[in-house]
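Read the structure below first, then the notes.
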Amino acid sequence: MTHTLVEIAQGRLQGHESSGVVRFLGIPYAGPVSGAGRWRPAPPARAWTGVRDAAAYGPRAIQLVTTARPEIDALHALVAPPAGWRSEQSEDCLNLNVFAPDRAGTKRPVMVWLHGGGYFGESPPIWWSEGGALTAEQDVVVVTVRHRIGLMGHLHLADLSPRADLALSGNVSIDDLITALCWVRANIAAFGGDPGNVTIFGESGGGAKVCILMNTPAAQGLFHRAIVQSGPSLQAATREEATKSALHVLKALGLDAGDVERLIDIPTDKILEVQAALLPIMRSPWETSGKLTGMSPVVDGDFLPHQPFSPAAMGMASAVPLLIGTNKDEARILAARPADAFDMTLERARQIMGRSAGPRLDEAWALYSAQTGGGAPSDVFFAYMSDYMERDRSIVLAERRVRRRAAATFMYFLEFGTDVLGGKLGAPHTLDIPLVFGRADLGIAGTDPDRHAVSAAMRAAWAAFAREGEPAGGVLSPWPAYDEDRRATMVFAAPPRLSQDPAREARLYWRAGQDPSTAC
């Protein structure tokens, strides 16, 4: 495109050009979902007259402000947000942002980013994924999406009310994303994008949403490639689990099972108060065991027919190539909530590890102690938890696709670590975001000059995958698809290298235990 004024189905939009990129911010892709629209499918976006100025981000979804640790939160504040950033929250949060090259061209690959924060938050801030650098350098169109989350996006009421418009109540968050993808298909050509070449990608909860969309019939055909960054999802809540959670929510709000209609009158701050109170016992299925599962997608037998990537679901998105991977030290942010996380005693580290390792604790401790070179108890704990929380499920997901002869799956592993906070974070959860988006200015990226080369390699691979369905090219050739013989994995370090079956002993340890899709 060579201009900043475009016309889409809703009306005309005025974008703003800077450094070769035109930004169209805060575009509504659906109508209001507040009040009587709560827990119901979003209505179509409203048209407008005249020219809409797309200069500012739209509001965030209603959510809690969650923290990992004060020092981690401080990383978010090291760099000021970009112009147009808005931090207010609203139920009517169904908006997206488009970043398009300011030069002539059409049929560019489209990369649609789904934010993290589990299924109940937006974390890190959406401006971490500002698409300008990726767009300008790789000649792609980037779209970032906001949608309902938490109890507003995943309160399963379908088994408590006969109303047909509440049938998707436990999955309206995912339905919002499908609505956004429909908007992309209908309108992205106006920004120079190719509606026939759409890649969905996301990190953490965003990666989990990619997994859910790959297993949702209504989303099929709306995207053509998929990237899961530290967010493998092999399990969603069952109807029974989700209904049980909904009953707890109603009780906490002072309502009975027959009072579903009164939910539309409950103030949002009261809903968030209940969400905060129930969060410790109501988490996503892969986060806890033996606790309520809620605030996550629901296998309802229709919208989401089967557990993600189960044999019954493997026919869906089987033709969609997948790029999947994790970071070496995921748990140094994900499991950093205990006050003593970075200086655990031996007894404390083994106690927490034992909750998941059970009778195999000694075996796990010996393995990860050797892997960390006899490191401190905290180092052993973080190495074990990084594999437990993210890497093993990513390998299981890839294996399932290989066995079902799905389209090519490519595996990566981010080994490069940040030197921020004295290097204590290593390659933690979320570090891949600024590297993929070319945001080495973000505090978490640190100051190591090698971060620029690693970032360049990652964003080139992501764009190549979006363009052709294969991430190889340049310094990353060759990069064969993952299989169960070679288990080719691109290790992003300085420089990147191809590895065959890295950390094999750890993989075999997990495979000797339970399948994480049922264990977690």
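The values are calculated or read from the model by the stated rules, or taken from the named source; none is laboratory data. What you see is a predicted model, and the numbers here were worked out from it, not measured in a lab. Note that each Cβ is placed from the backbone with ideal geometry, even for glycine, and that neighbours are counted across all protein chains shown.
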>> Return the residues of the range 154-174 that are free of Cβ contacts under 8 Å to residues at least 40 places away in the same chain and either closer than 12 Å to residue 263 by Cα or aliphatic (A, V, I, L, M) (or both); say none if nothing qualifies.
In response: 164
> Hey, residue 380 hits all of (1) free of Cβ contacts under 8 Å to residues at least 40 places away in the same chain; (2) surrounded by fewer than 24 Cβ atoms within 10 Å (Cβ to Cβ); (3) part of a helix (DSSP H, G or I); (4) touching a helix residue (DSSP H, G or I) at 6+ places or on another chain (Cβ under 8 Å) but one; which does it fall short on?
Replying inline: (2)
>> Checking the structure you have, find out if any residue of the range 160-180 is buried (at least 23 other Cβ atoms within 10 Å of the Cβ), touching a strand residue (DSSP E or B) at 6+ places or on another chain (Cβ under 8 Å) and either polar (S, T, N, Q) or modelled with pLDDT under 95 (or both).
In response: yes
>> Can you tell me which condition residue 114 does not meet? The list is (1) at pLDDT below 75; (2) hydrophobic (A, V, I, L, M, F, W, C); (3) surrounded by 15 or more Cβ atoms within 10 Å (Cβ to Cβ), and all the others hold.
In response: (1)
>> Just to be sure before I move on: is residue 131 at pLDDT 95 or above and closer than 16 Å to residue 201 by Cα in the structure I sent?
In response: yes
> Which one of 356, 378, 386 is modelled with pLDDT under 95, out of contact with any Leu (no Cβ under 7 Å at 6 or more places or on another chain) and farther than 14 Å from residue 512 by Cβ?
Replying inline: 356
> Which of the following residues is surrounded by fewer than 24 Cβ atoms within 10 Å (Cβ to Cβ) and modelled with pLDDT of 95 or more: 336, 370?
Replying inline: 370
> When you scan the range 185-204, how many residues do you find that are out of contact with any Pro (no Cβ under 7 Å at 6 or more places or on another chain) and under 14 Å from residue 144 (Cβ atoms)?
Replying inline: 7
> Which of the strands (runs of 3 or more DSSP E) contained wholly in the range 7-60 include at least 1 residues that are touching a residue at least 60 places away in the same chain (Cβ under 8 Å), assigned by TED's automatic domain parsing to the domain that holds residue 129 and not hydrophobic (A, V, I, L, M, F, W, C)?
Replying inline: 16-18, 21-28
> Looking at the range 217-264, which of its residues are under 24 Å from residue 193 (Cα atoms) and assigned to a loop (DSSP other than H, G, I, E, B)?
Replying inline: 220, 221, 222, 223, 224
>> Of all residues being more than 17 Å from residue 322 (Cα to Cα) and of a type in the set (Gly, Ala, Ser) in the range 389-422, which is modelled with the highest pLDDT? Just the residue, please.
In response: 417
> Taking the stated definitions as given, is residue 208 touching a residue at least 60 places away in the same chain (Cβ under 8 Å), part of a helix (DSSP H, G or I) and out of contact with any helix residue (DSSP H, G or I) (no Cβ under 9 Å at 6 or more places or on another chain)?
Replying inline: yes
> Identify, please: which residue in the range 310-324 is in contact (Cβ under 8 Å) with a residue 24 or more places away in the chain and outside any loop (DSSP other than H, G, I, E, B) and is, among those, surrounded by the fewest Cβ atoms within 10 Å (Cβ to Cβ)?
Replying inline: 311
>> Kindly evaluate residue 394 against the criterion of being under 24 Å from residue 466 (Cβ atoms), assigned by TED's automatic domain parsing to the domain that holds residue 334 and polar (S, T, N, Q).
In response: yes
>> I'd like to check which helices (runs of 4 or more DSSP H) are fully inside the range 409-520 and have at least 2 residues that are more than 25 Å from the chain's Cα centre (by Cα) and under 24 Å from residue 382 (Cα atoms).
In response: 504-512
>> If residue 150 meets every condition in (1) buried (at least 23 other Cβ atoms within 10 Å of the Cβ); (2) at negative phi apart from one, which number is that one?
In response: (2)
> Which condition does residue 86 not pass, out of (1) farther than 30 Å from residue 425 by Cα; (2) part of a loop (DSSP other than H, G, I, E, B); (3) basic (Lys, Arg), if it passes all the others?
Replying inline: (1)
>> I need the full set of residues from the range 325-369 which are in contact (Cβ under 8 Å) with a residue 24 or more places away in the chain and either in the same structural domain as residue 220 (by TED's automatic domain parsing) or small (Gly, Ala, Ser) (or both), in order please.
In response: 325, 331, 335, 336, 341, 349, 356, 357, 364
>> Restricting to the range 439-460, count the residues that are closer than 14 Å to residue 137 by Cα, in contact with a Leu (Cβ under 6 Å, 6 or more places away or on another chain) and touching a residue at least 60 places away in the same chain (Cβ under 8 Å).
In response: 1
